[in-house]
Amino acid sequence: MSFETQKVISGTYGSIWVDSEKINECYGLTATVEIKREPIKVCGDLWEHNKMVGVKGKGSIKLYRVSTRFVEKIFNIIETGKDAIFEIQSMLADPDVLGRETIVLKNVTFDELSMQAWEAGTPGTYEMPFSFAGFEYTDKIDATV
């Protein structure tokens, strides 16, 4: 089965919002769901079977360092001891593709704080790893290729 190569979605047309605030300095996002399984041994069967016992959402936002706004948000969590829950909306809207793909990540908590990271002769970037519990696709790309 072949497909039209121009229909491969390009990350160039991606954008994200954190709590409805557009993050223009973002240049990448990943979000994955890990399926947790426990082994199940079955008598008379040498194969190891498994049972799903939970799921875990993890991800990361890649950003150009243009301000300290995320550092301030996460530092406030550390300083007050009160965790903050965010929502991340990620959208891919490549004009070559029929439609767009939008996902909302729910109950997002940031796992790490990048205070500074730099190297002479290179643009400043950093990564914000996060966990999430729940997601929803609000827009899907038609599967017909």
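Of note:
- Every pair of residues 6+ apart whose Cβ atoms lie under 7 Å, when the first sits in region 83-97 and is closer than 17 Å to T30 by Cβ while the second is aromatic (F, W, Y) and part of a strand (DSSP E or B): Q89/W17
- Restricting region 106-127 to residues that are over 13 Å from S90 (Cβ atoms) and among the hydrophobic types (A, V, I, L, M, F, W, C), the residue that is surrounded by the fewest Cβ atoms within 10 Å (Cβ to Cβ): A120
- Lone qualifier among I35, I78, I74 - being among the β-branched types (V, I, T), farther than 30 Å from E119 by Cα and not in a loop (DSSP other than H, G, I, E, B): I35
- Scanning region 75-132 for residues that are out of contact with any Phe, Trp or Tyr (no Cβ under 7 Å at 6 or more places or on another chain) and among the acidic types (D, E) returns E79, D83, E87, D96, E101, E112, E119, E127.
Rundown of residues vs (1) in contact with a Leu (Cβ under 8 Å, 6 or more places away or on another chain); (2) surrounded by fewer than 10 Cβ atoms within 10 Å (Cβ to Cβ), yes/no style:
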| position | (1), (2) |
| --- | --- |
| K7 | yes, no |
| V18 | no, no |
| W47 | no, yes |
| V55 | no, no |
| I61 | yes, no |
| V66 | no, no |
| F75 | yes, no |
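Okay, residues lined up against (1) β-branched (V, I, T); (2) at pLDDT 95 or above; (3) outside any strand (DSSP E or B); (4) within 17 Å of G134 (Cβ to Cβ):
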| residue | (1), (2), (3), (4) |
| --- | --- |
| T12 | yes, no, yes, no |
| G28 | no, yes, no, no |
| V53 | yes, yes, no, no |
| G59 | no, yes, no, yes |
| D94 | no, no, yes, no |
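The values are calculated or read from the model by the stated rules, or taken from the named source; none is laboratory data. Only a predicted model underlies this, so the values are computations on that prediction, with no experimental measurement involved. In this analysis, Cβ positions are derived from the backbone assuming ideal geometry, glycine residues included, and neighbour counts consider all displayed protein chains.
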